[in-house]
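Structure first, commentary second.
The values are calculated or read from the model by the stated rules, or taken from the named source; none is laboratory data. Keep in mind it's a predicted model, so treat the numbers as computed, not measured. Here the Cβ is made from the backbone with ideal geometry for all residues, glycine too, and neighbour counts use every protein chain on show. Accessible surface areas use protein heavy atoms only, side chains included; no ligands, DNA or RNA. Shrake-Rupley method; radii C 1.70, N 1.55, O 1.52, S 1.80 Å.
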Amino acid sequence: MALNLIRKLMVSSLFCFGAASASAETFVFTAIPDEDETKLVERFRGVADYLSSELNVDVRYIPVKSYAAAVSAFRNNQVQLAWFGGLSGVQARRLVPGSEAIAQGVEDQAFETYFIANTSTGIEPADELASLEESLQGKTFTFGSKGSTSGRLMPEFYIRETFGEQPDEFFSRVGFSGNHTRTLRLVEAGTYEVGALNFQVWEKELADGNIDTDAVQVIWKTPAYPDYQWTIRGDVNERFGEGFKQRVTEALLNLDDQALLESFPRSGFIPASNDDYEPISKTAEEIGILD
């Protein structure tokens, strides 16, 4: 009798433990490493805390070392949500059927890339990239990450379209800095004469007084294009409960913590869809980054 009672208690305890473990499953997200890691960790830990309180589940941010690593983590279900750039989001959604772009920054509807130059080059700002052909040809040039929309895809597209050559044919040396902040510092220091970075990083660093404007300046701005977005896996409702995807979407759209928004920097988040990023997909196909 006593033995049967002990067995029942053990089974009951195991069931309760299993139920508690299932309900306490952690929702994990990541972000492309487009800036210095310390800035990213501070920003996204704040997002994790916000989402945890809104969703009533444990939410954790994990940093990654590269754009490709962010896409791989999403593909392998190590993360269920990611803050991607335009290109990395397209790549991730192609690899995970059913995944969706659910929110973008207000500013991401019309994103821009800035071409910057060290002032020692004597290159003056222009409205048309074509008018800079003679000044730019033969200079050293750095992109950001190889998987960056604003730091590689769009600037390479305009270089090819305008000058009729691949970047490594047009410039004397081409590099990949790894992120936008590093691109700015390399051009500012003269390590590379010219570079391309997203306009948000430039404007925020400028506002914070972190740019030596005697050493580096913006020389051209691309036309607007769609960029960053939050992308979520299509199977989150099965894992975290019916309606979970919608709850995550609403939490992101309702985020109004000004300190958090300024750290992106964005003025707020608005609805997004996969269709918004078709121009990015087509551009990547045209220059051979996507099949």
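Of all the criteria given as (1) over 20 Å from the mean Cα position of the chain (by Cα); (2) closer than 22 Å to Asn56 by Cα, the one not satisfied by Gly288 is (2). Checking each residue in the range 49-62 for being out of contact with any helix residue (DSSP H, G or I) (no Cβ under 9 Å at 6 or more places or on another chain) and crowded, with 18+ Cβ neighbours inside 10 Å picks out no residue at all. You will find that of Gly190, Gly147, Gly151, Gly175, the residue that is in contact with a strand residue (DSSP E or B) (Cβ under 7 Å, 6 or more places away or on another chain), closer than 21 Å to Tyr225 by Cα and small (Gly, Ala, Ser) is Gly151 and no other.
Consider the range 157-181 and keep the residues that are assigned to a helix (DSSP H, G or I) and crowded, with 22+ Cβ neighbours inside 10 Å. The one that is farthest from the chain's Cα centre (by Cα) is Ile159. Considering the range 1-106, the qualifying strands (runs of 3 or more DSSP E), each wholly inside and each with 3 or more residues that are modelled with pLDDT of 95 or more and among the hydrophobic types (A, V, I, L, M, F, W, C), run over 27-31, 81-84, 100-105. Filter the range 241-266 down to residues that are within 16 Å of Gln229 (Cα to Cα), modelled with pLDDT under 95 and small (Gly, Ala, Ser), then give me how many there are. Within the range 241-266, residues that are within 16 Å of Gln229 (Cα to Cα), modelled with pLDDT under 95 and small (Gly, Ala, Ser) number 1. Within the span defined as the range 150-162, every residue fails to be touching a residue at least 24 places away in the same chain (Cβ under 8 Å), of a type in the set (A, V, I, L, M, F, W, C), in contact with a Gly (Cβ under 9 Å, 6 or more places away or on another chain) and over 21 Å from Leu290 (Cβ atoms).
In summary, Asp127 fulfils each of the numbered conditions (1) in a helix (DSSP H, G or I); (2) modelled with pLDDT of 95 or more with the single exception of condition (1). Across the range 130-152, the qualifying residues are those that are over 29 Å from Leu261 (Cα atoms) and in a loop (DSSP other than H, G, I, E, B), and the one among them that is most open to solvent (accessible area, probe 1.4 Å) is Gln137. Could you tell me which residue of the range 248-287 is nearest to Asn198 (Cα to Cα), considering only residues that are in contact with a helix residue (DSSP H, G or I) (Cβ under 9 Å, 6 or more places away or on another chain) and among the polar types (S, T, N, Q)? Out of the qualifying residues, it is Ser263.
So that you can scan it fast, the table gives a plain yes or no per residue for (1) open to solvent by 10 Å² or more (accessible area, probe 1.4 Å); (2) closer than 18 Å to Asn198 by Cβ:
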residue	(1), (2)
Val47	no, no
Val64	yes, no
Ala69	yes, no
Ala73	no, no
Leu81	no, no
Leu87	no, yes
Arg94	yes, no
Glu100	yes, no
Thr113	no, yes
